[in-house]
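Take a look at the structure below.
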Amino acid sequence: MNYILDTHTLIWFMEGDKQLSNPVLTIMEDTTKLKYVSIASIWEIGIKISLQKLNLNKSFKEFLSDLSRTNIAILPLGFSHIIRISEMEHIHRDPFDRIIIAQAQEEAYIILGRDPQFIPYNVKMVWN
């Protein structure tokens, strides 16, 4: 099984936040499981930092440097993902979340996250 992290999951994992659920933490710490983060999540974090809507425990540059030392791969945005987004119902309005949903659907990845607005898209999710 392959997994894709929702943006909050990435932040909480990288920051050691106690809000991360035990099932997700177990998956994150399992080096035999393939985990991805969408490039859209990295973009979203950068935007939120620049708008002062997000404060990390370290600089964004240090956050990215630490991310590069994990076993989490960056998933680029491809044409198939964009086509999938264009065909999706507009249930969830957040463009970054829509990208994560489309990538999970297109790649058959399980989302590590807790956003209930993902459920109508019939994606597999792990949180509790």
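Looking at [x] 13.3, 41; [y] 13.7, 50; [z] 14.0, 38, which value of Rg and Dmax of the Cα atoms in Å comes from a calculation on the structure shown?
[z]
If you place +1 on the Cβ of every Lys and Arg and -1 on the Cβ of every Asp and Glu, how big does the dipole about the Cα centre of the chain come out, in debye to the nearest 20?
Approximately 180 debye in magnitude.
Go through Leu77, Gln52, Val37 and say which Cα lies farthest out towards the positive end of the charge dipole of the chain; charges sit on Cβ, +1 for Lys and Arg, -1 for Asp and Glu.
Gln52
Give me the net charge for the shell around Gln117: Cβ to Cβ below 9 angstrom, other residues only, Lys and Arg +1, Asp and Glu -1.
Working: positive: Arg93; negative: Asp94, Asp97, Asp115.
Every neighbour counted, the sum reads -2.
Take every Cα pair under 8 Å in the range 87-128 that's 6+ residues apart, average their separations, divide by the length, and report that relative contact order as a whole percent.
36
Give me the percent relative contact order of the chain, please, defined on Cα pairs under 8 angstrom at least 6 residues apart. Let's see the in-between values first.
Working: 158 pairs, mean separation 44.6, N = 128.
Dividing the mean separation by the residue count of the chain yields 35 percent.
Rounded to the nearest 500, what is the chain's calculated 222 nm mean residue ellipticity when only DSSP H runs of at least 4 contribute -39500 (n - 2.57) each, over all residues? Could the numbers behind the result be given before it?
Working: 6 runs with 60 residues, N = 128.
-14000 deg cm²/dmol, from helical runs alone.
Between exposed trypsin sites (Lys or Arg not before Pro) in the chain, where DSSP calls loop and at most 10 other Cβ atoms lie within 10 Å, what's the longest gap?
The longest such stretch corresponds to 94-128.
As an exercise, identify the GluC sites (Glu not before Pro) in the range 47-128 lying in DSSP coil whose Cβ has no more than 13 other Cβ atoms within 10 Å.
Filter output for the range 47-128: Glu89.
Determine the percent antiparallel among the DSSP beta bridges restricted to the range 2-126, to the nearest 5.
0
Going by how many other Cβ atoms sit within 10 Å of their own, how do Leu112, Leu51, Leu56 line up, fewest first?
By the 10 Å Cβ count, ascending, the order reads Leu51, Leu56, Leu112.
Every number in this text was worked out from the coordinates using simple rules, so none of it is lab data. What you see is a predicted model, and the numbers here were worked out from it, not measured in a lab. Note that each Cβ is placed from the backbone with ideal geometry, even for glycine, and that neighbours are counted across all protein chains shown.
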